[in-house]
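Notes follow the structure.
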Amino acid sequence: MIQITALPAFTDNYIWLLQDHASKRCAVVDPGDAGPVQAWLTANPGWVLSDILITHHHHDHVGGVEQLKKATDATVYGPASERIPARDVALHDNDKVQVLGLDFDVYAVPGHTLGHIAYYHHGLLFCGDTLFAAGCGRLFEGTPEQMHASLSRLAALPEDTLVYCTHEYTLSNLKFAAAVEPGNPDTAERLAEVTRKRQAGIMTLPTTLALEKLTNPFLRTGETSVKQKADERTGTDNRAPSAVFAALRAWKDTF
């Protein structure tokens, strides 16, 4: 069995640590800072960092890669079309990689960045800054159409999939979700629960795709209530779900 632990970094990042207890090997996802990973390895002697998975090129996801690479024999995986420091294996859409004995499918999910990728093994999704709990990443490089397509692809995975994104943005995202769908009881319930968790200093991840489909407005662009609110905001009839998404993302950027 693989154990997954969050190593907090910076103000709101999580570096995901995957542990295979049988082999004492571990892997990390998006180590923007080498410090938390090295501290864990020091506190857990006998463990070997064998793999580093990168979703995209932003510094808060790759800043610790070179330092970790120098200190270990870890293999660095990352998107082929982005500049990833110390990358050993360049990954394209629909590639497969084996990490700690698990087979991961690689999905191209452009939007936040153009080369962004996600890693999926049945039941587990490491999606960087594409899909967040109750939200999605800003469009720094891609188009609304690209991001909507990427989110739709992830939303088509099994509903019990655990979503390991890389920021603790859930509370602010749910406040926006409640503004989009003030009549959604699932969103209201989740907002109350997440508010309690954050006040107690408890993390809100991972989430599940089932929960996201009920409460994440960016996965609910086909819902009449969401479309109506987007139309209200833009004063137009946003007929395509991608147009609804674009209206929501523009609103969230200034929320």
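Miscellaneous remarks
- The residue of the stretch 84-97 that is surrounded by the fewest Cβ atoms within 10 Å (Cβ to Cβ), among those that are farther than 14 Å from residue 55 by Cβ and charged (D, E, K, R), is 96.
- Which numbered condition residue 187 misses (of (1) of a type in the set (Ser, Thr, Tyr); (2) part of a helix (DSSP H, G or I); (3) in contact with a Gly (Cβ under 9 Å, 6 or more places away or on another chain)): (3)
- The C-beta contact set for the stretch 21-50 (first residue in the same structural domain as residue 102 (by the TED database) and within 15 Å of residue 5 (Cβ to Cβ), second residue assigned to a helix (DSSP H, G or I) and of a type in the set (Asp, Glu), distance under 9 angstrom, 6+ apart or interchain) comprises 30/60.
- Enumeration of residues in the stretch 210-232 that are surrounded by fewer than 15 Cβ atoms within 10 Å (Cβ to Cβ) and in a helix (DSSP H, G or I): 210, 213, 224, 225, 228, 232
- Of note, residue 178 satisfies the criterion of being crowded, with 16+ Cβ neighbours inside 10 Å, without any contact (Cβ under 8 Å) to a residue 24 or more places away in the chain, farther than 20 Å from residue 7 by Cα and assigned by the TED database to the domain that holds residue 220.
- Among the residues of the stretch 124-158, the ones that are closer than 20 Å to residue 215 by Cβ and assigned to a loop (DSSP other than H, G, I, E, B) come to 9 in all.
- Residues of the stretch 3-14 that turn out to be among the hydrophobic types (A, V, I, L, M, F, W, C) and touching a residue at least 60 places away in the same chain (Cβ under 8 Å), as a count: 2
- From the list 235, 222, the one residue that fits, being more than 24 Å from residue 156 (Cβ to Cβ) and of a type outside the set (Asp, Glu), is 235.
- Qualifying residues in the stretch 9-64 (those that are under 16 Å from the mean Cα position of the chain (by Cα) and of a type in the set (Asp, Glu)) - the one nearest to residue 101 (Cα to Cα): 30
- Pairs meeting the criteria (first residue in the stretch 88-102 and not assigned by the TED database to the domain that holds residue 29, second residue in a loop (DSSP other than H, G, I, E, B) and among the charged types (D, E, K, R), beta carbons under 8 Å, at least 6 apart or on different chains) are lacking.
- Test: residue in the stretch 136-155 that is hydroxyl-bearing (Ser, Thr, Tyr), over 20 Å from residue 112 (Cα atoms), surrounded by fewer than 22 Cβ atoms within 10 Å (Cβ to Cβ) and modelled with pLDDT of 95 or more: no
The values are calculated or read from the model by the stated rules, or taken from the named source; none is laboratory data. The structure displayed is predicted, hence computed values, not measured ones. All Cβ positions, even for glycine, are placed from backbone atoms using ideal geometry, and neighbour counts span all protein chains on display.
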